[in-house]
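Notes to accompany the following structure.
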Amino acid sequence: MKKLYCGLAGLLLFVAVSRKAFCEERSRKAIAGNGEDRFASNDSCPTFTQFWRRKISHYFRERDADDDGAITERDYCEVAKRFDEIRTDNPAVKEKLRRTILQLTEILTNDADRGLFITEDTMIASLYNQRCKIGKNVKRSLFYDLAYDSFTVLDENGDSLLDKYEYARLFYCLCVDHYKAVANRSFRALDRDRNGHLTRSDYILAFRDYFFSDDPTRPGTLLFGPFHD
């Protein structure tokens, strides 16, 4: 593997083991065992729809932090830096999240000679390929880890709920323009019981909806904010 970016080589190869991290992992596995929250699709290779393509195009544009038409080392570093700004008493989970984001980014890179360089078409094709494998390939756990661990990091007060302010940090970390307004619309779509909070289950199901569902009525459709062309 090429050298890890931004001086993270040592950190990304080592995650501190703590009692709280151990409990987080036990809880993650418990939720993963709940059929409602498992990342699975009914068909191993679903139909490629224009709606799904539009969602992934939108996700790509939000991840392309510098708007240069490709996700590169610079984009990854900016996202990682912003997640680092969030206060947490569990740095092991934050480090695990950073490693998961890097691993997912590398999976989507199909040209090893160019290093970390992903175009919109590459992301769409690679994510569709991962979607076809999701019921068979262990890499599916990375999508779950992304949802589970980003929730833990965003939950700054540790109450196992996200309010709209904590949730907005996701969009800040993804370098979304006007992130507060975008986050508010997304939060309202996911907060189906209108109690002002998202549970971990709400959040994880939204990730599943976004990456694996072709149903435009699912709340997770607006996980990364309203679409724009």
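The values are calculated or read from the model by the stated rules, or taken from the named source; none is laboratory data. It should be emphasised that the depicted structure is a prediction, and the values quoted were computed from it without experimental measurement. We place every Cβ from the backbone using ideal geometry, glycine too, and count neighbours over all the protein chains shown. We work out accessible area using only protein heavy atoms, side chains counted, and drop any ligands, DNA or RNA first. Shrake-Rupley method; radii C 1.70, N 1.55, O 1.52, S 1.80 Å.
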ask   = Taking segment 56-69 on its own, how many of its residues are at pLDDT 85 or above, touching a helix residue (DSSP H, G or I) at 6+ places or on another chain (Cβ under 9 Å) and at negative phi?
value = 6
Any pair with Cβ under 8 angstrom, 6 or more apart, that starts in segment 117-130 at a residue that is over 17 Å from R74 (Cβ atoms) and in contact (Cβ under 8 Å) with a residue 60 or more places away in the chain and ends at one that is in a helix (DSSP H, G or I) and of a type in the set (G, A, S) = I124/S57
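Taking the criterion of being in a helix (DSSP H, G or I), of a type in the set (K, R) and either more than 14 Å from the chain's Cα centre (by Cα) or buried (at least 21 other Cβ atoms within 10 Å of the Cβ) (or both), would at least one residue in segment 207-219 satisfy it?
Scanning segment 207-219 turns up at least one residue that is in a helix (DSSP H, G or I), of a type in the set (K, R) and either more than 14 Å from the chain's Cα centre (by Cα) or buried (at least 21 other Cβ atoms within 10 Å of the Cβ) (or both).
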task = Report yes if A181 is small (G, A, S) and under 25 Å from K81 (Cβ atoms), otherwise no.
result = yes
ask   = From the residues in segment 109-122 that are under 19 Å from A80 (Cα atoms) and at pLDDT 75 or above, which one is surrounded by the most Cβ atoms within 10 Å (Cβ to Cβ)?
value = I118
request  = Restricting attention to segment 70-91, report how many residues are under 17 Å from Y148 (Cβ atoms), at pLDDT 85 or above and surrounded by fewer than 20 Cβ atoms within 10 Å (Cβ to Cβ).
outcome  = 1
key: Residues located in segment 164-206, provided they are in a loop (DSSP other than H, G, I, E, B) and open to solvent by 40 Å² or more (accessible area, probe 1.4 Å)   = D177, H178, R192, D193, R194, N195, H197
query = Looking at (1) part of a helix (DSSP H, G or I); (2) under 20 Å from R82 (Cα atoms); (3) touching a residue at least 40 places away in the same chain (Cβ under 8 Å); (4) open to solvent by 10 Å² or more (accessible area, probe 1.4 Å), which is the one condition that is false for E156?
reply = (1)
